[in-house]
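The values are calculated or read from the model by the stated rules, or taken from the named source; none is laboratory data. Given the structure is predicted, the values throughout are model-derived calculations rather than measurements. FYI the Cβ positions are ideal-geometry reconstructions off the backbone, even for glycines, and counts take in every protein chain you see. SASA here: full protein model, heavy atoms, side chains in, ligands and nucleic acids out. Shrake-Rupley method; radii C 1.70, N 1.55, O 1.52, S 1.80 Å.
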Amino acid sequence: MQVKILADSACDLPKSFYEENNVTLIPLKVHINGAEYEDVKGIDPLSVYEAIRAGNIPKTSQASPLVFENIFTEMAEKNEAGIYIAFSSELSGTYSTAVMILDQVKEKYPNLDLTIIDTKCASLGQGLIVMEAARLAAANAPKEEILKDVLFRAQHMEHIFTVDDLDYLAKGGRVSKASAFLGGLLNIKPILNMEDGKLVPIEKIRGQKKVWRRIIEIMKERGNNLSNQVIGISHADNEEMAKEMKAMMQAEFQPKQVYISAIGAAIGAHTGAGTISIFFLNEIPS
């Protein structure tokens with residue numbers, strides 16, 4: 001039986017991906033003006049950016065325990081084996097909730113064969129892992145092989161990104177308020193990455209064009225065999241810049257593919273509009 005792949009909406013893959021690749025979507029929640037929405041299913045990213053521009057501050061919360069319970073129970077009753085590829089536990093309680101609910105469901109269904117992976121990744125860094133896992137599952141790869149690939153990619157996935165305004169990350173506690181204030185004051189654009197699942201500013205550069213050039217340099221420094229990779233670009237209402245970055249990467253690295261997706265509502269609520277994120281491996285599977 002084909003291994004079931006589950007992913008939460010923080011991986012920033014479009015709704016069509018889940019439908020076309022038999023991947024189970026676990027939506028995070030987005031709250032705007034007292035209303036609650038399911039990410040991907042009930043709200044699109046543009047609605048979040050419009051709310052921010054109107055002066056509203058969207059909030060997010062982890063996936064529903066009931067959603068987990070229903071999905072896990074159905075898998076157990078169908079005797080399905082699965083892998084849930086989860087959003088970084090350093091940025092959301094979704095992973096911990098999933099583990100707790102799995103333990104509860106296994107009290108009734110002790111033979112449930114489901115593995116939950118804390119990727120320590122976010123956005124399309126997580127999404128690229130899900131894409132490859134779905135491809136392997138569709139090819140009827142055994143669960144052990146898919147797990148090995150998921151763990152390898154999670155360990156070696158680079159997240160390099162820049163935001164237009166650090167205030168959104170500061171409001172969500174993702175970076176310090178002091179860093180956000182200085183960045184805005186001096187028109188400095190930060191370059192951030194993920195370290196052990198947390199957002200960490202690594203450089204501050206004045207001038208947008210210099211930021212893009214520096215990101216290409218970082219890819220050269222950290223990437224491995226980029227011509228044989230699928231590179232990810234996610235953007236927050238900034239598709240034109242994403243396409244420009246794609247052209248720069250194609251000219252520089254000739255990658256196998258450059259996959260562009262919009263940053264979803266749950267992630268976009270914290271980054272604000274204008275964010276560009278780049279994802280690639282610092283080592284490729286043998």
Once normalised by the length of the range 1-124, the mean sequence separation of its alpha carbon contacts under 8 Å that are 6 or more apart gives a contact order in percent of 29
What helix-only [θ] at 222 nm does the chain give? Using -39500 (n - 2.57) per DSSP H run of at least 4, over all residues, to the nearest 500, the answer is -13500 deg cm²/dmol
Probe 1.4 Å, all chains present, heavy atoms only: VAL200 accessible area in Å², nearest 10, is 40
For ARG214 the rounded accessible area (nearest 10 Å², probe 1.4 Å, non-protein molecules ignored) is 40
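Please give the per residue accessible area of the chain, computed with a probe of 1.4 Å over protein heavy atoms only, in Å². Could the numbers behind the result be given before it?
Working: 12960 Å² over 286 residues.
Counting only protein heavy atoms, the per-residue value for the chain is 45 Å².
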Restricting to lysines and to Cα separations under 23 Å from LYS78, and discarding same-chain partners fewer than 8 apart, the set is LYS4, LYS106, LYS108, LYS143
In the chain the accessible area split gives carbon plus sulfur, as whole percent at 1.4 Å, a share of 47
The chain: antiparallel bridges as % of DSSP beta bridges, rounded to 5, reads 55
Here the Cα Rg-to-2.2 N^0.38 Å ratio for the chain is 0.99
Sorted by chain and number, the residues with a modelled amide H under 5 Å from that of LYS4, at a separation of 5 or more or across chains, are ALA81, GLY82, ILE83
Length-normalised contact order of the chain, Cα under 8 Å, at least 6 apart, in percent, tallies to 23
Hull surface over four for the Cα convex hull of the range 1-64, reported in nm², is 4.7
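Rounded to the nearest 20 Debye, what is the dipole magnitude of the chain about its Cα centre when Lys and Arg each give +1 and Asp and Glu each give -1 at the C-beta?
Numbers: 30 positive and 37 negative charges, 179 e Å.
Once rounded to the nearest 20, the dipole reads 860 debye.
Of all beta bridges DSSP finds with both residues in the range 2-74, what is the antiparallel percent, to the nearest 5?
Values: 7 of 12 bridges.
Around 60 percent of the beta bridges assigned by DSSP in the range 2-74 are antiparallel ones.
Specify whether the C-alpha gyration tensor of the range 190-286 places it in the rounded, prolate or oblate class, a ≥ b ≥ c being the square roots of the eigenvalues: rounded for a/c under 1.5, otherwise prolate if a/b is larger than b/c and oblate if not.
Working: a/c = 1.36, a/b = 1.30, b/c = 1.04.
Verdict is rounded for the range 190-286.
Roughly what % of DSSP beta bridges within the range 197-286 run antiparallel, to the nearest 5? Don't skip to the end; give the middle numbers.
Details: 4 of 10 bridges.
Within the range 197-286, antiparallel bridges account for around 40 percent of the total.
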